[in-house]
Amino acid sequence: MSLQVSLTNRQQHVLWATVRHYIATAEPVGSKVLAQEYDLSFSPATIRACMGVLEKSGLLYQPHTSAGRVPSDSGYRIYVDQLIAPSETMGRQIEHLLADHLNWEDANFEALLRDAAQLLSNLSGYIALITLPQTRTTQLRHLQLVQLEPGRVMLIVVTDAYQTQSVVMELCHPPDRLTVDEAIIEQELHILSNFLNSKLRGRSLGEIVTQDWSELDREFVQYADFLRNLLAELTRRMKNPVSTPILIRGISEVLRQPEFSELQQVQMLLHLLEEEQDQLWPVIFEWPEELNSKRRAKVRIGSENPLEPMRTCTLVSATYDRGNVPVGSVGILGPTRMLYENAIALVEAAADYLTEALSQPA
């Protein structure tokens, strides 16, 4: 999720300092404290004015009328997307620790994952969650394009488990083809169905996501946009890989944080982690939206989380791969008052390490 808010340099500095102070202390902060503790190079009055603007923008709020400000979920989102980068120091540290303490040659992969989860929890102080790799992924067995009416097409897909999915899409033609004969469209859809079967039959969802359509045959260039939209929708519909157990470490440590002082909230979170992994699993294991994104980790902050017990938490997760296909996920779950630079670096380094481990010859 990305939030588009335009801030001046001063407002960015004040937001950054407010978030950093709250992460460190769990206490609301005022302009005088920021002026004393951070080299912002402008007066407390200017800082106070900036904080007022940030509060009106929904990025800060006052938990009590006489208190200082604390970041909102939106404030954390701007902080993560615009004001920080993953800690290179932490990334190198976790790489070295993984290499020193874990050995994929002397242990089976599940034992490696258990040790990695414990190491991640120890380093971050948060809950570490790692899914076991999938033993199988849904593959396409057959697909067929059918014209429902002029301009509307249904894609029918049969998987290797003989499950059927269907997607209805609008078929856009160039202006000079608006009156094209329906029989010709049917013929083209039949040819296109054969083309898609030859390209996609036997492939998993991960392979479809990475399919390079730049080599699309010239006769189908007019369908390029349609295909891209069709496959995006198909990918969304088929995001139901086989759930595997989730290895969880670090619950006792994170529950000492002040955010988890309410018993009911703790009970809901523990119930989710221990009893409802089937709901938790698809939140942790999520296909990357952009395969070439500069940031591998996905960050869900507070209310962005789809499950109620997680809405006071942040989940940082990234997939690890076998070949080019995501088969499992690494995650860190903690309060929204999280040191994001370190958490993102930890998750990305661990995901890279597990991908490398899976690439080793058996």
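The values are calculated or read from the model by the stated rules, or taken from the named source; none is laboratory data. Just so you know, these numbers come straight off a predicted model, no measurement behind them. Cβ coordinates were reconstructed from backbone atoms using ideal geometry, including for glycine residues, and neighbour counts include every protein chain displayed.
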Does the stretch 105-123 contain any residue that is out of contact with any Phe, Trp or Tyr (no Cβ under 8 Å at 6 or more places or on another chain), in a helix (DSSP H, G or I), modelled with pLDDT under 85 and not aliphatic (A, V, I, L, M)? yes
Filter pass, residue 129 being part of a helix (DSSP H, G or I) and not assigned by TED's automatic domain parsing to the domain that holds residue 58: no
Out of 263, 255, 269, 273, sole residue that is outside the structural domain of residue 25 (by TED's automatic domain parsing) and buried (at least 21 other Cβ atoms within 10 Å of the Cβ): 269
Could you list, in sequence order, all residues of the stretch 1-30 that are touching a strand residue (DSSP E or B) at 6+ places or on another chain (Cβ under 9 Å), on the phi < 0 side of the Ramachandran plot and among the small types (Gly, Ala, Ser)? 17, 30
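Evaluate the following for residue 29: is it crowded, with 20+ Cβ neighbours inside 10 Å and hydrophobic (A, V, I, L, M, F, W, C)? Outline the logic, then answer.
Details: crowded, with 20+ Cβ neighbours inside 10 Å: yes; hydrophobic (A, V, I, L, M, F, W, C): yes.
For residue 29, the condition - crowded, with 20+ Cβ neighbours inside 10 Å and hydrophobic (A, V, I, L, M, F, W, C) - is met.
Would you mention how many residues in the stretch 59-90 are among the basic types (Lys, Arg) and within 18 Å of residue 296 (Cα to Cα)?
Let us first name the residues in the stretch 59-90 that are among the basic types (Lys, Arg), namely 69, 77.
Then keep just the ones that are within 18 Å of residue 296 (Cα to Cα); that gives 77.
So the answer is 1.
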For residues that are polar (S, T, N, Q) and closer than 30 Å to residue 286 by Cα, scanning just the stretch 1-26, find the one that is surrounded by the most Cβ atoms within 10 Å (Cβ to Cβ). 2
From (1) surrounded by fewer than 16 Cβ atoms within 10 Å (Cβ to Cβ); (2) out of contact with any strand residue (DSSP E or B) (no Cβ under 8 Å at 6 or more places or on another chain); (3) in a helix (DSSP H, G or I), pick out the condition that doesn't hold for residue 39. (3)
If residue 135 satisfies every condition in (1) over 30 Å from residue 316 (Cα atoms); (2) under 31 Å from the mean Cα position of the chain (by Cα); (3) of a type in the set (Ser, Thr, Tyr); (4) at pLDDT below 75 but one, which is the exception? (1)
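Of everything in the stretch 46-61 that's under 29 Å from the mean Cα position of the chain (by Cα) and not in a loop (DSSP other than H, G, I, E, B), which residue is farthest from residue 21 (Cα to Cα)? Spell out how you get there, then give the answer.
Restricting attention to the stretch 46-61, the residues satisfying the condition of being under 29 Å from the mean Cα position of the chain (by Cα) are 54-61.
Going one step further and asking which of them are not in a loop (DSSP other than H, G, I, E, B), we end up with 54-56, 60-61.
Numbers: 54: 16, 55: 16, 56: 20, 60: 13, 61: 14 Å.
Among them, the one singled out is 56.
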Test residue 45 against the criterion of being within 20 Å of residue 316 (Cβ to Cβ) and surrounded by fewer than 18 Cβ atoms within 10 Å (Cβ to Cβ), and give yes or no. no
When residues of the stretch 248-272 are filtered for being farther than 14 Å from residue 313 by Cα, modelled with pLDDT under 85 and either of a type outside the set (D, E, K, R) or assigned to a strand (DSSP E or B) (or both), how many remain? 2
What number of residues within the stretch 330-362 satisfy the criterion of being out of contact with any strand residue (DSSP E or B) (no Cβ under 6 Å at 6 or more places or on another chain), within 22 Å of residue 134 (Cα to Cα) and not in a helix (DSSP H, G or I)? 3
Kindly check whether there is at least one residue in the stretch 62-69 that is aliphatic (A, V, I, L, M), surrounded by 15 or more Cβ atoms within 10 Å (Cβ to Cβ) and either in a helix (DSSP H, G or I) or over 33 Å from the mean Cα position of the chain (by Cα) (or both). no
